[in-house]
Every structure is written in C-alpha cells, then in structure tokens.
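A short worksheet on the structure shown next.
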Amino acid sequence: MKVIITVIGNDKVGIVAAVSQKLADLNINIIDMSQTLMQGNFTMMLVGEISNQQNSFAAIQEQLTQLGTQIDVTIRIQRQELFDAIQKL
Amino acid sequence: METRQIQETLQMIDEEHLDIRTITMGISLFDCIDSNVDKACQRIYDKITTKARDLVKVAQDIQMEYGVPIVNKRISVTPIAMVAAAADTDNYVAYAKVLDRAASDLGIDIIGGFSALVQKGYQSGDRKLIASIPEALSETSKVCSSVNIGSTRAGINMDAVAQMGTIVKDIAAIDPLKCMNLVIFANAVEDNPFMAGAFHGVGEADCAINMGISGPGVVKRALEQVKGQPFDVVSETIKKTAFKVTRVGQFVGNIAAKRLNVPFGIVDLSLAPTPAPGDSVAEILEEIGLESVGAPGTTAALALLNDAVKKGGIMACEHVGGLSGAFIPVSEDQGMIKAVQAGKLSLEKLEAMTAVCSVGLDMVAVPGDTTAATISGLLADEAAIGMINNKTTAIRIIPATGQSVGEDINFGGLFGHAPIMAVNQSQPTDFVARGGRIPAPVHSFKN
C-alpha cells in the first residue's frame, strides 16, 4: 500500500531524522521525498510503502500523530490513491 | 506525483472544505410489506440494520485512511406510502418510528423516505402517509419526509399542492424546526443522496450506494485566480475544479461500495454549501462579479455555475444522478444569509434563481403568520418552474411561528440560521381552492 506522508511545522533541527527513524521503526519504506521551506514553514512530503500488515493503518496513524505532537509538527498519512483520483485522468 | 499536486489536494481538503457531504445507502423495502404493521416494522428494522450494518464503520475507515472527511452517513428507503399501503392502519407514524430507531441504532445521521409520490393522484397509502407527516416528524429525530406533487410528464396535482400548504402549517404549529425535515418536490429524482429529499426510487436496485460531494470553497478559490477574465475562462475554471471535486466522490463511492458489497449507484455533483466560512455558493456568485448575491446578473451567474459544474463533473463519474447542480439553501450559506439580512436578496429573486439551479426554495424562513394558501401558492410556482423546465424543483419552507420579518430562526449546527424573509401578502386563496390537476405541458409528449 502506497501512502503520502506530509510533515508541516516550524523548522528546527532533527525533524527529518525523527520522522524517518519512526518510519523505519514502523517498517515503512520511503520511495520518494521532497522537503522545502514555504514562507518559513518546514514542509516535507514523502511517498512511502507499507509492505506488510504488521501494524494497522490506524495504529500507524496514531504513532505518527504522537510523534508530531512530541516534535511540534503536523504529520499526516493518507493512502495515495486519493491523490491519483483527483489529479490524474 | 508532483509535490505541487499533493499540496493542492491537501489545501482543497484543509482550507477549502472539500468533503464528501454524504454517503447514502438506498435500501428497497418492498420485500418488507405486510398487512400487519408490527410484522412489517420488524422486517423493515431487520432489513435496514442488516444492509447498513457496516455503513458507519466503512465511512469512518475511509475517512481515516484517505484523509477526506465524510460528513454524513445516511439511508434512503422506498417511499413508505407504498410500503405501508397494504397495512391495516390509518396512521403511519409507527413506520417513521421504526426508521428512526434503525437509524439511531446504526449511528446514521438521517434517514429519508417517509415519502409519497402523488404527482398524478393519490393511492390510499399516499393519503394516510401525508396525513401522518406532522406527527411522524414531531415524534422522531432522524426521519425526513418528502412528497412529489408534480412532474413534467404528469402535470401538477393541485389537490396535493393545497394539502401540503396545510401540512407545512401543521408542522410549524408543533415545531417550526421540523419543517426542515420535509421537502415538497416537482420532478423528484429517485437516486438523490441529499436530505431531506432522499428516497429510494421504485426503479432502483435492492440496495445501492449514492454519493453526494461538496466543495463550493474549492470553486471559489479557483475563481480567485481568474479575476476580470471573460466568462469562457470562468466556465473552464469551474469545469476543471468540478472535475477534481467529483473525482473524490467517484473514488470514495467505489471503495465504499466494494467494502459494503453493494452496487455503486451514482455521484450527485451538487455544490452543497454549509454555514462554515468559505463554504458558500453565494460567495462563488460574488466572486464572478456581483456585489452581492441577489444583484441583477445573479440568475445568469448561477446558470453558468450550475451548467459548468455538471459539465466538469459528468466526465469524472461513471454514473451521474441525483440533483447535480448548485444548491442555494438560504440558512446553510453565509453569503445568502448576509444578502437577505442586507435586503439584497428577496424571495422573488430566489425564485428566479431556482429556475436555473438544481433545486428550489430551500431552507427559507417566512413569517409565522404566512397562510397555508400562500405556502401552496409558492409551491405551485416552484412546481410550475420545474414542470416547464423539465427539472427538479422543491420547497423546504419554514413558517417561523410567532416570528416576523427582521427576526431570525436558528436551526443549529450544519443547518445554520435563517433571517425571516418577507412574503407577498396578496392571497391566492381562490386559486389554491380550485383543486384538480394542472395538465402536463405540451413538451412532455416526447414519445
């Protein structure tokens, strides 16, 4: 299952490290990522792949939300098909 | 996938209120018919709670996994006037109560189908159902009712028009807020997922999933990028935006239907506003260049909007149905409320707008002393617009008992509040009293 993970918040040291570590812990493979500062906001988008079902989607979402609270950024995870449906013919 | 597209999609959901307004499961109740009311009600309860057992959970799962809000989970059923016609009772309130109980037990927001189709005449069940509407609505919290009193093929049943004016007044006497659970239609559609007018039509499959999407904010934001440009550009912009919005409905509907193991019916392309800031159809019209909705030009702007939404949406879906257009409910749209309060939008202009949008006089509050004949007159006018233009029209009108023009009636939550609008005081009493049927128009004979 491909997912889109977006991380938005105030820029500071260690956001990429913390998020990628958490994704590794959750066994989510990062296929693609981009990161930028938009009007001072740290904005990162990752395409990830959840290969096995050892964690439920809800559990993964919960853990990422918790991490977001810890490091004071908003982390969102959504299945990729929605984006394809809207943006591609 | 480009990051710009990801950002755009997230912005549509977060800032511009793109959402699935409703996932509505249509359920046929024909196989629940029984002359014994208790038996029939038990069958209805069993069928609804079996078919829709997972509806709420599936909707919640999809919302979580895909990050797109699904605001309402609803059910529509076969018009109860048909289901109950064989029953040995004159009062159909028991049927409304069982619908209410099934909806509550399932965690469904609203259930529609306490309905009758009388465009050409009454069968025995229709009379009993319509007489039961005031009590049925006052005794339940989630049940919605609708009555179809006219169509392009059949003309307008003026006996029903007269009766429904009285019914609306009867409901208002008990509780004006309950009037928002009743829609009176001409050319009602059988697969409409939106309430209060949803029912599961006679020609529908046993069970189907119908989707209603929403996203006035997305359209407005897109139009902000083409300020001052010609209408060709405006129309193209709306079409492209409507396409994207509608794709969400098609996509989510497909997943929901698969998970529920039910055929996917239709996507209703309607732009449905809510009282939330930035979720307004009126603001789209103003973005097109009107100082306020209601200004001269409003009808033309709405006609363009309605048409472009359909054109953009049709390609995005396998099957389009329902009402599909722009909704203009007064109380559910901040821009409409503002215009009425400022005296810039009258009931008459609203009526003109209903000739080119997808519904009718929707969520309109009128003074408490508005007569039944006046309501019937308004209804007849709306039905005539629908009949002649071959489109759905309706009224959902709220006589605000004890209140008058300038005051405000509050419906709470998604339903907003409505300033009470002035109504022409000249009475259509003798017109309404004639009864009978207005014949179908000449262009109905297409065979």
*Per-residue [θ]222 nm for chain B (sum of -39500 (n - 2.57) over DSSP H runs n ≥ 4, rounded to 500)*: -13500 deg cm²/dmol
*How would B:THR299, B:THR241 line up by accessible area, probe 1.4 Å, largest first?*
B:THR299, B:THR241
*Among the lysines, select those whose C-alpha is under 21 Å from the C-alpha of B:LYS51, and discard any that sit fewer than 8 residues away in the same chain.*
B:LYS39, B:LYS73, B:LYS97, B:LYS142, B:LYS258
*Taking B:LYS227 as the anchor, which lysines have their alpha carbon closer than 28 Å to its alpha carbon, excluding any fewer than eight residues away along the same chain?*
A:LYS88, B:LYS239, B:LYS240, B:LYS244, B:LYS310, B:LYS311, B:LYS338, B:LYS344, B:LYS349
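How much of the DSSP bridge set in chain B is antiparallel, in percent, rounded to the nearest 5?
Details: 18 of 50 bridges.
Bridges in chain B are about 35 percent antiparallel.
Can I get the semi-axes of chain B's equivalent ellipsoid? Compute them from the C-alpha gyration tensor as square roots of 5 times the eigenvalues, in angstrom, largest first. Walk me through the intermediate numbers first.
Working: eigenvalues 202, 157, 74 Å².
Working from the Cα gyration tensor, I get semi-axes of 32, 28, 19 Å.
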*In nanometres, what is the gap between the two model label sites at A:ASP11 and A:ASP32, each 7 Å from Cα along Cα-to-Cβ?*
2.4
*What's the longest piece of chain B with no exposed GluC sites (Glu not before Pro), counting a site as exposed if DSSP puts it in a loop and it has at most 16 other beta carbons within 10 Å?*
B:140-290
*Can you give the accessible area of B:PHE231, probe radius 1.4 Å, in Å² rounded to 10?*
120
*In nm, what is the difference between 0.36 nm times the number of residues separating B:ASP88 and B:GLU135 and their Cα-Cα distance?*
15.1 nm
*Could you list the trypsin sites (Lys or Arg not before Pro) in region B:1-100 that lie in coil according to DSSP, counting only those with at most 16 other Cβ atoms within 10 Å of their Cβ?*
B:ARG53
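Restricting to region B:22-186, compute how many DSSP beta bridges are antiparallel as a %, nearest 5. Before the final figure, lay out the partial values.
Values: 2 of 22 bridges.
Roughly 10 percent of the beta bridges in region B:22-186 run antiparallel, per DSSP.
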_Zone of B:ASN410's modelled label, taken as backbone nitrogen in region B:164-206 under 15 Å from a point 7 Å along Cα→Cβ_ = B:177
*Which FRET efficiency value, to the nearest 0.05, is calculated for B:ASN424 and B:ALA295 with the Förster distance at 22 angstrom and r the Cβ-Cβ distance?*
0.60
*Using label points projected 7 Å from each Cα along Cα→Cβ, tell me how many nm separate B:LYS227 and B:GLN11, to one decimal.*
1.6
*asked:* Based on alpha-carbon centroids, what's the gap between region A:26-89 and region B:1-71 in Å, whole number please?
replied: 25
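Using R₀ = 22 Å, calculate the FRET efficiency as 1/(1 + (r/R₀)^6) where r is the Cβ-Cβ separation of A:ASN41 and B:ARG4; round to 0.05.
Values: r = 15 Å, r/R0 = 0.70.
Computed FRET efficiency for A:ASN41 and B:ARG4: 0.90.
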*Quick one: if the Förster radius is 30 Å, what FRET efficiency do B:ARG153 and B:SER104 give, using the C-beta to C-beta distance and rounding to 0.05?*
0.20
*Sites excluded, trypsin sites (Lys or Arg not before Pro) in DSSP loops with at most 14 other C-beta within 10 Å, longest stretch of chain A*: A:13-87
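The values are calculated or read from the model by the stated rules, or taken from the named source; none is laboratory data. Since we're looking at a predicted model, the values are computed, not measured. Note that we place each Cβ from the backbone using ideal geometry, even for glycine, and neighbour counts take in every protein chain shown. Heavy atoms of the whole protein, side chains included, go into the accessibility calculation; ligands, DNA and RNA do not. Shrake-Rupley method; radii C 1.70, N 1.55, O 1.52, S 1.80 Å.
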